[in-house]
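What follows is a short report on a single structure.
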Amino acid sequence: MSSEKLSKVCQEIQENCISCGQCSSECQMLQEIGEEPASIAARKPYVEEAYECSLCGLCEAVCPSSLSPKNMFGEMRAEAVETGEIPINEYRYMFPDRKVNVTKLYREVNGIDYQDLNLNRENPVAFFPGCTMLTYSPQLTRAVYSNLCRKHPDLILMTDCCGLPLYQLGLRDRGKKYVDTVKAKIRDLKIETVIAVCPNCFYQLGPILKEMGIKLLTVYEALENLSVFNQSNVLDQKYRVTVHDSCPDRFEGIFASQVRSALQKKGYQLIEMEHNKKTSTCCGSGGEVSHFNPEMADSRVKARLDEAENSGAQILAAYCLSCVLNFGRSSNKIQSKHVLNLLLDVEQDFEGLKKKSKMMFEGPEGEKMWERIMAEP
């Protein structure tokens, strides 16, 4: 099935690509490959190329023919998994459907737990933070939950993943099976409205929840009328903020619009980078590229940070926590914050959190943890 889909998308690109160079001028990976999409489609992408693509969609956004090289590389990933061209099980430490994976182990090691909040109880409204926020920012998770409870006192906290990593890795059947368990949980808990923080979760769950007749809100919609959310900071000097737009929001711009409006109400001065909204570039975490080509991921991080610093902003704000964590890998001239840090006045230093995660597997104890995380099928 994946082979047929790959052939179809390759044929479409071959027949309609006008080799204008727009996508190549924006995409670092295409520049490194040194071929136009039509040429790549004619021979079909190599597996390593497919897993170096961030699946960010910028190529499609700038294409005058509305073609999507991203889909071509995504289909190649699915075919590579089906045919065994990539030993995908070597990356099982990322799989969200396993009992032990990196994020779950990080929460365990660092004592991050949410048992004191409403978990797995019947209620019409549920808060869906996403696995990255649950893991790396319990402060924000709890702050958002607390504020939402002012409107929804018996709010459920869902600690599930949206399943996107499985789809991105090319594990579509496994992804569907996992999402089916999330759907069953939503039905069992009689949920009618889901509030999402992460744009990846929002766009991944959107079509699924729509089919189920479930209402989906962004956290910015859900918090819009709360005083803490809209109260302007009393600042001697307005902070200059530039917003990094998340790739899944590229075409609909729902988050892009809402966060800019909220930041301005809060008293921040907004400055736009050259690449913003529809033409935003990847932060380096898209498509799990850092696990397959760390050097390429680092290059994307640096390019985005350089652009943010050149904007003259003091703060680089993102509404995807994975982006924030990438920008906080090392000390930078510009501060990296989640938009909700600014709107809810929650302080957190994200610098080095990614390194902290990797440090779990250092030394003799770290080796035992790695054996544990890889032991389960």
Would you confirm whether or not the stretch 68-82 contains a residue that is among the polar types (S, T, N, Q), out of contact with any Ser or Thr (no Cβ under 6 Å at 6 or more places or on another chain) and free of Cβ contacts under 8 Å to residues at least 12 places away in the same chain?
no
With (1) in contact with a helix residue (DSSP H, G or I) (Cβ under 8 Å, 6 or more places away or on another chain); (2) at negative phi; (3) open to solvent by 30 Å² or more (accessible area, probe 1.4 Å); (4) modelled with pLDDT under 95 as the list, and residue 19 as the residue in question, which single condition is left unmet?
(2)
Any hit, the stretch 45-56, residues being out of contact with any Phe, Trp or Tyr (no Cβ under 9 Å at 6 or more places or on another chain), open to solvent by 50 Å² or more (accessible area, probe 1.4 Å) and modelled with pLDDT of 95 or more
yes
I need the full set of residues from the stretch 130-186 which are at pLDDT below 95, surrounded by fewer than 16 Cβ atoms within 10 Å (Cβ to Cβ) and closer than 19 Å to residue 214 by Cβ, in order please.
151, 154
A careful count of residues in the stretch 357-375 that are open to solvent by 40 Å² or more (accessible area, probe 1.4 Å) and under 11 Å from residue 106 (Cα atoms) gives 4
Go through the stretch 3-58 and tell me which helices (runs of 4 or more DSSP H), entirely inside it, have 2 or more residues that are more than 27 Å from the chain's Cα centre (by Cα) and free of Cβ contacts under 8 Å to residues at least 24 places away in the same chain.
37-43
Considering every residue within the stretch 223-238, establish whether at least one is modelled with pLDDT under 90, of a type in the set (Phe, Trp, Tyr), part of a helix (DSSP H, G or I) and open to solvent by less than 30 Å² (accessible area, probe 1.4 Å).
yes
Cβ pairs under 8 Å, 6+ apart or interchain, first in the stretch 297-320 and on the phi > 0 side of the Ramachandran plot, second at pLDDT 95 or above and assigned to a helix (DSSP H, G or I), ordered by first then second residue, are none
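To keep it simple, each residue is scored yes or no on (1) within 21 Å of residue 301 (Cα to Cα); (2) basic (Lys, Arg); (3) outside any loop (DSSP other than H, G, I, E, B).
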{"site": "333", "(1), (2), (3)": "yes, yes, no"}
{"site": "342", "(1), (2), (3)": "no, no, yes"}
{"site": "348", "(1), (2), (3)": "yes, no, no"}
{"site": "355", "(1), (2), (3)": "yes, yes, yes"}
{"site": "358", "(1), (2), (3)": "yes, yes, yes"}
Collect the residues in the stretch 189-222 that are in contact (Cβ under 8 Å) with a residue 40 or more places away in the chain and assigned to a helix (DSSP H, G or I), keeping them in residue-number order.
199, 200, 201, 202, 203, 204, 205, 219, 220, 222
Here the residues within the stretch 159-193 that are under 18 Å from the mean Cα position of the chain (by Cα) and among the β-branched types (Val, Ile, Thr) are 159, 179
With respect to residue 322, is the statement that it is part of a helix (DSSP H, G or I) and either under 19 Å from the mean Cα position of the chain (by Cα) or under 28 Å from residue 302 (Cβ atoms) (or both) true?
yes
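The values are calculated or read from the model by the stated rules, or taken from the named source; none is laboratory data. Predicted, not measured: the structure shown is a model, and the values here were computed from it. Positions of Cβ are generated from backbone atoms using ideal geometry, with glycine treated the same way; all protein chains shown enter the neighbour counts. With ligands, DNA and RNA removed, areas are computed over all heavy atoms of the protein, side chains included. Shrake-Rupley method; radii C 1.70, N 1.55, O 1.52, S 1.80 Å.
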